[in-house]
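Chemist: Just passing along the structure, written as structure tokens.
The values are calculated or read from the model by the stated rules, or taken from the named source; none is laboratory data. For clarity, every value in this text was computed on a predicted model and none was experimentally measured. Here the Cβ positions follow ideal geometry from the backbone for every residue, glycine too, while neighbour counts run over all protein chains shown. Side chains included, ligands, DNA and RNA excluded: accessible areas come from the protein's heavy atoms. Shrake-Rupley method; radii C 1.70, N 1.55, O 1.52, S 1.80 Å.
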Amino acid sequence: MQDIKEAASGFLANRRVAVTGVSRTPQTHGSNNVYKRLRDRGYEVFAVNPNTDLVEGDPAYPNLKAIPGGVDAVVIATRPEIAERTVHECVDLGIKHVWMHWGPDGGSVSKAATDYGRQHGITVLDGGCPLMFEPTADFGHKVMRVIYRGHVPKSV
């Protein structure tokens, strides 16, 4: 097992990252914040939303398989039952880094998805948010990391 800082650092070392659950109505979804922050910090980021072709002014893809050239890591910001399907897709595509987002309004963490991913060699961060850790962190997310520490795993 890795401690959360080491696992977060390993996840964020991947520069091609998909974010699932991004929305056409960004004010209602934390996943859009993650998407924009990664994009603004120089990551090659891909929006995944099967219900639209455009998110935050960028192309959106219906699933991970549709992303040209694939990705190295995935932030899952959908309902937990969808997270499980996404982790299965990650296994099929050979993606080795998954972060299931958890925010104040709930989260994407699924025990079944976490177990399945880990059984298939994926490093699964099951809680918290990539924006709580450097190099993508901001002051607000650092504070949330302390306030919501019960939803940020200590190790993965």
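To keep it simple, each residue is scored yes or no on (1) modelled with pLDDT of 95 or more; (2) closer than 19 Å to Val156 by Cβ; (3) surrounded by 15 or more Cβ atoms within 10 Å (Cβ to Cβ).
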| residue | (1), (2), (3) |
| --- | --- |
| Arg15 | yes, no, no |
| Ser31 | no, no, yes |
| Arg37 | no, no, yes |
| Pro50 | yes, no, no |
| Glu56 | no, no, yes |
| Pro62 | yes, no, no |
| Gly70 | yes, no, no |
| Ala73 | yes, yes, yes |
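Chemist: How many residues, within segment 76-96, are open to solvent by 50 Å² or more (accessible area, probe 1.4 Å) and within 15 Å of Gly10 (Cβ to Cβ)?
Modeler: Residues that pass the stated criteria total 1.
Chemist: Separate question: State the number of residues belonging to segment 75-92 that are in contact with a helix residue (DSSP H, G or I) (Cβ under 6 Å, 6 or more places away or on another chain), assigned to a helix (DSSP H, G or I) and more than 10 Å from Gly117 (Cβ to Cβ).
Modeler: 1
Chemist: Here's something else I'd like to know. What is the number of the single condition among (1) assigned to a loop (DSSP other than H, G, I, E, B); (2) open to solvent by less than 50 Å² (accessible area, probe 1.4 Å); (3) at pLDDT 95 or above that Gly42 does not meet?
Modeler: Only one criterion in (1) assigned to a loop (DSSP other than H, G, I, E, B); (2) open to solvent by less than 50 Å² (accessible area, probe 1.4 Å); (3) at pLDDT 95 or above is unmet by Gly42, namely (2).
Chemist: Okay, next question. Pick from segment 97-108 the residues that are modelled with pLDDT of 95 or more and buried (at least 23 other Cβ atoms within 10 Å of the Cβ): which of them is farthest from Ile122 (Cα to Cα)? Walk me through it before giving the result.
Modeler: If we filter segment 97-108 for residues that are modelled with pLDDT of 95 or more, which is where we start, we get 97-100.
Now restrict to residues that are buried (at least 23 other Cβ atoms within 10 Å of the Cβ): 98-100.
Numbers: Val98: 7, Trp99: 10, Met100: 12 Å.
Applying the filter and picking the extreme gives Met100.
Chemist: Can Arg118 be described as open to solvent by 50 Å² or more (accessible area, probe 1.4 Å), in contact with a strand residue (DSSP E or B) (Cβ under 9 Å, 6 or more places away or on another chain) and closer than 19 Å to Ile4 by Cβ? Explain how you work it out, then say what you get.
Modeler: Numbers: open to solvent by 50 Å² or more (accessible area, probe 1.4 Å): yes; in contact with a strand residue (DSSP E or B) (Cβ under 9 Å, 6 or more places away or on another chain): yes; closer than 19 Å to Ile4 by Cβ: yes.
The answer is yes for Arg118.
Chemist: Considering each of Ala73, Ala66 in turn, give the residue that is of a type in the set (Gly, Ala, Ser) and touching a residue at least 24 places away in the same chain (Cβ under 8 Å).
Modeler: Residue meeting the stated conditions: Ala73.
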